[in-house]
Amino acid sequence: MKIIVAGDGKLGSMLTRQLSAEGYDLTLIDANPKQLESSEERFDIMVVQGNCASMTVLEQAGVDEAELLIAATGADEINLLCCMTAHGMNPRLHTIARVRNPEYTDQIYRMRDMFALSMTVNPEKQAAVEIERLLKYPGFLKRDTFAKGRVEIVELRIDAKNRLCNVALNDMNSIVKCKILICAVLRNGTAIAPDGNFVIQEGDRIFVTAAAKELTLLLKNLGVITHKVKRVILCGGSRVSFYLAKLLNRSGIGVQIIERNPEKCVQLAAMLPEADIIQGDASSQFILEREGISNCDALVTLTGLDELNMIISLYGAECGVPQVITKLGRFDNTNILGNLSLGSIISPKELCSNIIVRYVRAMKNQTGAAQTVYKIADGQAEAAEFLVDEGTRYLGKPLKELHLKKNVLVACITRGATQEIPNGDSYFEKNDTVIIVTNGKKGIYQLNDIFE
Amino acid sequence: MNYKMMGRFIGKMLVVEAIFMLPALLISLFEGERSSVFAFLASIAGIVLVAAVLLLLCRGSKNKFYAREGLVCVGLSWGILSLLGCLPFYLSGAIPAFVDAFFEIVSGFTTTGASILTEIEGLPKGILYWRSFSHWLGGMGVLVFLLAITSAGGGDNGFTMHLLRAESPGPNVGKLVPKMRKTARILYELYILLTIVNVIFLLAGGMPLFEAVCTAFGTAGTGGFGIKNDSIAGYSPYIQNVCTVFMMLFGVNFTCYYLLMLKQFKNVFKDEELRLYLGVAAGSVLLITLNLRGFYSTLGETLRHAAFQVASIMTTTGYATTDFDLWPTFSKAILLSLMVVGASAGSTGGGFKCSRVLLVIKSLRRSVRKVIHPEKVQVVRSNGHPVDEKILQNTNAYLAAYAIITLLSFILISVDGYSMTTNLSAVMACFNNIGPGFEAVGPTCNFSGFSSFSKIVLILDMLAGRLEIFPILILFSRSTWKRR
């Protein structure tokens, strides 16, 4: 399948990496030849230099034969124009535009129809939604939902006080007292697929599949003390802060935004009447103290600088803030961050790229494609959700009789309203939703790919 | 430096070489040539052994591969490919001296066609086949072949670009389609197709199959090893004309054929390099024909010989239908200049390349204009698109390196005491991958008279010319081997 990616920025290069690794024919358009050169050197792709909204450039990039165009340049308007132009040149083309100006968010659905866009993505809004979900369940570093929100894969960091610490997985059931499955463990930067004899240690990050309704019980039984979030400090008045403040205000959570730029503060104050906007430098400890960092419920660092976000988060953790969330825009190497107490890490580009990859896979394979795909364990593993249909092989056969590929784990089977953590006697039935966890190296594009 | 990755590449490449030696072995078996059967068996065993050791030692390599590794890898690959590729010549006793055998195979792989053999027709057929086939393999590049059949380590990686750039000639090598493997495959498909068509045309002229295949290999790779002592001179005018046309075809940038396949006729027709290439060829034929009035009996014959020699020299093939060393000086001067111009970028030919000539002329014109209007901002264009300054810089650096190497080699081989013309044309013929030069290395003579030292200098010249200097130059740079 031929895909054109316009704009070789943060999202663009992330997409390039993921999509070219999955074997698609990728053409990358950007105005900056230097940037293109380094991309061409790293990935097996073709590059075209120029303005992606210009017809000659699109033609050069082979828009006639392409099936999908993803516009992810820095400017919303160029993205939209690019998609419209390309769609005009090739009406069969699917188009995805990144649109992130808050002023367009309300009209985005109408614009989608008017401009014949297949999808729009907004990394900042996505990040805000994600952060809000995390704030609702303090204690989890990351939550990925499946089966229309009924099943989740949550990430937990094991500290010394955790009851699972130094416990083998075989003995886990007596502690957690609910049905869960640990599908991956991240230890010292490498993902491990654990078996029954695996002993959890302090500092591990575990990825747990569980029914959504059991999450509260899980936290309680693990001894993770949580309390409801009532007051959140947001550092930096970026677009993510705006979306997040709006979401939090709606659910009655108090928000303080610390922003350095006075003009931006005025703007935010006008748009967010219920939030406290504080004009000042969020990196200054004095201001953080004065705004009560030591007794707030959560700290979210959302400035435009990754380094600053990390420093403020470290300081927040030091002050004993129960929940810290750090936004990283550029930083890819989360390996070395594992040992820092940065709390949850949110990467807007990664969230968006997950959505787009899911769309691409669905396009490639209309029936039986993954309905949801998440990268977990720092991208070393992949969790995908599939619907069992009549085309699925071995319906009704117990899993212990089937030969699954190596490194493939069936993490959960949802049948009607019940969730089942599968064992050897579990089987697939039509209309089940199953979650498959793999090491992500060989692409599992449809459910039948898991069988040998 | 990622030695393991390079080791794996070279190992795989040697496997390819061993497989390609099998047809030669079969021919030897079929013809009952005992010495060459033994030579091929021993060579294949040796190559497989080296490949196995390399592949075994270099398991679990990392995927970090950069421009430097790409260039070094290509340089080393060709060295090793030639060292092992010359074994059949040496072991079968066809060429008793090792340096001579090495010279012969380097001349083959680099598609030069310069020979140290005086008596070709007496050679075993298997040896002759392998000699001609080396042209075909070297023409499009053995690493490009490797890229076409394997994912070459990391399938999703862009580093293979460095290999293509280092092995494919031209100032600005790009992919035809996003995937490297598909690009390499398209190039080889076109190459194979054209070669087959060539064989068919030769067969139609009554040429025996074995000779047709070998001649087509020489033409396709723009190499020039003949299987007759008098090259192509003994064949009918029809076959000579077929050769002329196909030599010219293989000197065209293969991207043009790909565009033709996509029915983008306008882009091909307007291609500046193609126009220059064809224009220079036509002009040279015309001038030489005028200059040769009365040299041959009829105008048709004059035209045929002029066209054949121009095509042969310009595409850097090196076949001959007549002893052009006897031609008047003006005609010889034109041929010598054609040696430098060479074929198109992205073809199987050698030389300085038409596209580089275009860029050098254009940047020269810009410099002249700059003297008259110092403030004028000018962009050099090629086919209407602005050319990156980096490419212009590289082209000028290439010109400088080209001139220095020519001069240096000229001085070095002058030790042997041949005439100025012989030495200069020998260097030109080897460095530009043509084959025959003038006087003592003319079309009726060969390179056997040079000393071993001169032969080694010429071997390096041939490799440098085929790989466009930098992959060979970088092997001799101290900073390449420094730990980083």
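The values are calculated or read from the model by the stated rules, or taken from the named source; none is laboratory data. Keep in mind that this is a model prediction, so the values were computed, not measured. Note that we place each Cβ from the backbone using ideal geometry, even for glycine, and neighbour counts take in every protein chain shown.
Would you call B:G224 surrounded by fewer than 18 Cβ atoms within 10 Å (Cβ to Cβ), on the phi > 0 side of the Ramachandran plot and touching a residue at least 24 places away in the same chain (Cβ under 8 Å)?
no
I'd like to know if segment B:188-200 contains one or more residues that are more than 14 Å from chain A (Cβ to nearest Cβ), in contact with a Phe, Trp or Tyr (Cβ under 6 Å, 6 or more places away or on another chain), hydroxyl-bearing (S, T, Y) and touching a residue at least 60 places away in the same chain (Cβ under 8 Å).
no
Restricting attention to segment B:71-94, does a residue exist that is within 14 Å of chain A (Cβ to nearest Cβ) and either touching a Leu at 6+ places or on another chain (Cβ under 8 Å) or not hydroxyl-bearing (S, T, Y) (or both)?
Among the residues of segment B:71-94, at least one is within 14 Å of chain A (Cβ to nearest Cβ) and either touching a Leu at 6+ places or on another chain (Cβ under 8 Å) or not hydroxyl-bearing (S, T, Y) (or both), which makes the answer yes.
Would you confirm whether or not segment A:289-304 contains a residue that is over 15 Å from A:S241 (Cβ atoms) and acidic (D, E)?
Taking every residue of segment A:289-304 in turn, at least one turns out to be over 15 Å from A:S241 (Cβ atoms) and acidic (D, E).
Under the condition of being surrounded by fewer than 23 Cβ atoms within 10 Å (Cβ to Cβ) and either at pLDDT 85 or above or away from every other protein chain (no Cβ under 14 Å) (or both), which residue from segment B:143-162 is farthest from B:F102 (Cα to Cα)?
Of everything passing the filter in segment B:143-162, B:I149 is farthest from B:F102 (Cα to Cα).
Among (1) within 15 Å of B:V357 (Cβ to Cβ); (2) touching a helix residue (DSSP H, G or I) at 6+ places or on another chain (Cβ under 6 Å), there is one condition B:L303 misses while meeting the rest; what is its number?
Unmet for B:L303, out of (1) within 15 Å of B:V357 (Cβ to Cβ); (2) touching a helix residue (DSSP H, G or I) at 6+ places or on another chain (Cβ under 6 Å): (1).
Do the conditions hold for B:R165, that is, is it among the charged types (D, E, K, R) and either out of contact with any helix residue (DSSP H, G or I) (no Cβ under 9 Å at 6 or more places or on another chain) or within 14 Å of chain A (Cβ to nearest Cβ) (or both)?
Here the answer is yes, as B:R165 does meet what is asked.
Evaluate segment A:118-125: report whether one residue or more is surrounded by fewer than 18 Cβ atoms within 10 Å (Cβ to Cβ) and away from chain B (no Cβ under 14 Å).
yes
Need a quick list: helices (runs of 4 or more DSSP H) entirely within segment A:22-114 having at least 2 residues that are without any contact (Cβ under 8 Å) to a residue 24 or more places away in the chain, more than 14 Å from chain B (Cβ to nearest Cβ) and of a type in the set (A, V, I, L, M, F, W, C).
Qualifying helices (runs of 4 or more DSSP H): A:108-114.
Over 24 Å from B:L473 (Cβ atoms), of a type outside the set (A, V, I, L, M), surrounded by 21 or more Cβ atoms within 10 Å (Cβ to Cβ) and modelled with pLDDT of 90 or more - does that describe any residue in segment B:105-112?
no
Taking B:T316 as the residue in question, decide whether it is part of a loop (DSSP other than H, G, I, E, B) and of a type in the set (S, T, Y).
Judged against the criteria, B:T316 is a match.
In this structure, is B:C73 without any contact (Cβ under 8 Å) to a residue 24 or more places away in the chain and buried (at least 20 other Cβ atoms within 10 Å of the Cβ)?
Taking the combined requirement at face value, the residue does not satisfy it.
Tally the residues that are of a type in the set (D, E) and under 12 Å from B:P88 (Cβ atoms), restricting the search to segment B:1-54.
Residues meeting the conditions: 2.
(1) small (G, A, S); (2) assigned to a loop (DSSP other than H, G, I, E, B); (3) under 27 Å from the mean Cα position of the chain (by Cα): which one isn't true of B:S363, the others all being true?
Checking B:S363 against (1) small (G, A, S); (2) assigned to a loop (DSSP other than H, G, I, E, B); (3) under 27 Å from the mean Cα position of the chain (by Cα), the one that fails is (2).
Which one of these is touching a strand residue (DSSP E or B) at 6+ places or on another chain (Cβ under 7 Å) and loosely packed, with under 12 Cβ neighbours inside 10 Å: B:V371, B:V379?
Going through B:V371, B:V379 in turn, just one is touching a strand residue (DSSP E or B) at 6+ places or on another chain (Cβ under 7 Å) and loosely packed, with under 12 Cβ neighbours inside 10 Å: B:V379.
Show me the strands (runs of 3 or more DSSP E) entirely contained within segment A:117-224 in which 1 or more residues are over 18 Å from A:E350 (Cα atoms).
Per the criteria, A:151-157, A:180-187, A:190-192, A:205-211.
To keep it simple, each residue is scored yes or no on (1) at pLDDT 85 or above; (2) touching a strand residue (DSSP E or B) at 6+ places or on another chain (Cβ under 8 Å); (3) outside any helix (DSSP H, G or I).
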site	(1), (2), (3)
A:C352	yes, yes, no
A:I355	yes, yes, no
A:R358	no, yes, no
A:D389	no, no, yes
A:K400	no, no, no
A:Y427	yes, no, yes
A:V434	yes, yes, yes
A:G440	no, yes, yes
A:N448	no, no, no
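Test of understanding: among A:A411, A:A370, A:A417, which residue is modelled with pLDDT of 85 or more and aliphatic (A, V, I, L, M)?
Of A:A411, A:A370, A:A417, the one residue that is modelled with pLDDT of 85 or more and aliphatic (A, V, I, L, M) is A:A411.
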